[in-house]
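The values are calculated or read from the model by the stated rules, or taken from the named source; none is laboratory data. Here the structure is a predicted model, which is why all the values come from computation and not from measurement. Positions of Cβ are generated from backbone atoms using ideal geometry, with glycine treated the same way; all protein chains shown enter the neighbour counts. Side chains are part of the model used for accessible areas, which takes the heavy atoms of the whole protein and leaves out ligands, DNA and RNA. Shrake-Rupley method; radii C 1.70, N 1.55, O 1.52, S 1.80 Å.
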Amino acid sequence: MKKESEEDIFLGFLIKEKENAYINKTYAQTAIRYMGKYFEERVKNKTVFQKIFQYIRDFFMGFYLNFVFHKNKQKIKNLTDEDKKDKILIHKQFKHGNFKIHFYLIRRFQIKTLADDSGCVDISNFEFDASIRIEYSEIITQHHLKKTFDNEEDATNYFNQLLLDNKKKNGILLISELSNKMDEEFYNLKKRTELLENKLLNEGIKC
């Protein structure tokens, strides 16, 4: 049997990335439809006591949401548009044969909303991403093993651990390990998507 070339392995990995992006999008869309149906049914079937309790809860939750909103607003009130641009805090790369392994720590200003039954507020602020990317012939993969943190210290600690665990691995080994993780994620999301779609169909919602 002919051994796969590095190029074939890398291109196969890029295809797998696209497949995983598709199943992630499909699952997210299905989950949103399901949650919409769930909350619709929950509101429709509430008793009078539950409605009164919900009103009292929403009243106090409104104060909490406003507190969070104003506290966050104070943190970012002096930021300029330039300050909010994505910034690569650390970038390290290691060459292994025809592959380059990139390690990133990136600060992003993330648009976020804190939502609750009583309303929603803007809590946009900085997030910190640490991840790995693989390069071959000037083509680079998506971000992998990525984790997002609200503070730079935790993100830096994860970045350093990511570096320690993976900087000596060559491209083929990393692709193999990441492929196994992606296969597992694809299988799990596919099963969860099918489960939600079946629930929606049983309740008369077209998926």
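A few comments on the model shown:
- Max mean-square fluctuation residue, GNM over the chain, Cα-Cα springs under 10 Å, options Phe128, Phe159, Phe63: Phe63
- Accessible surface, per residue, of the chain when the full set of protein chains is kept, probe 1.4 Å, Å²: 69 Å²
- Longest exposed-site-free window of the chain, the sites being GluC sites (Glu not before Pro) in a DSSP loop that have at most 13 other C-beta atoms within 10 Å: 5-81
- Lys37/Glu82 FRET efficiency (R0 41 Å; Cβ-Cβ; nearest 0.05): 0.40
- Cα-based reach from Lys18 at 19 Å (exclusive), listing lysines while leaving out same-chain residues under 8 positions away: Lys146, Lys181, Lys190, Lys191
- In straight-distance terms, cross-link reach from Lys46 covers every one of the lysines whose alpha-carbon lies under 17 Å from its own, apart from those fewer than eight places away in the same chain; here that gives Lys37.
- Residues Ile172, Ile56, sorted by accessible area with the largest first, give Ile56, Ile172 [1.4 Å probe; ligands and nucleic acids excluded].
- Restricting segment 79-186 to trypsin sites (Lys or Arg not before Pro) in coil, as DSSP defines it, with at most 14 other Cβ within 10 Å: Lys85, Lys112, Lys167, Lys168
- Solvent-accessible area, 1.4 Å probe, carbon plus sulfur percent, for the chain: 54 percent
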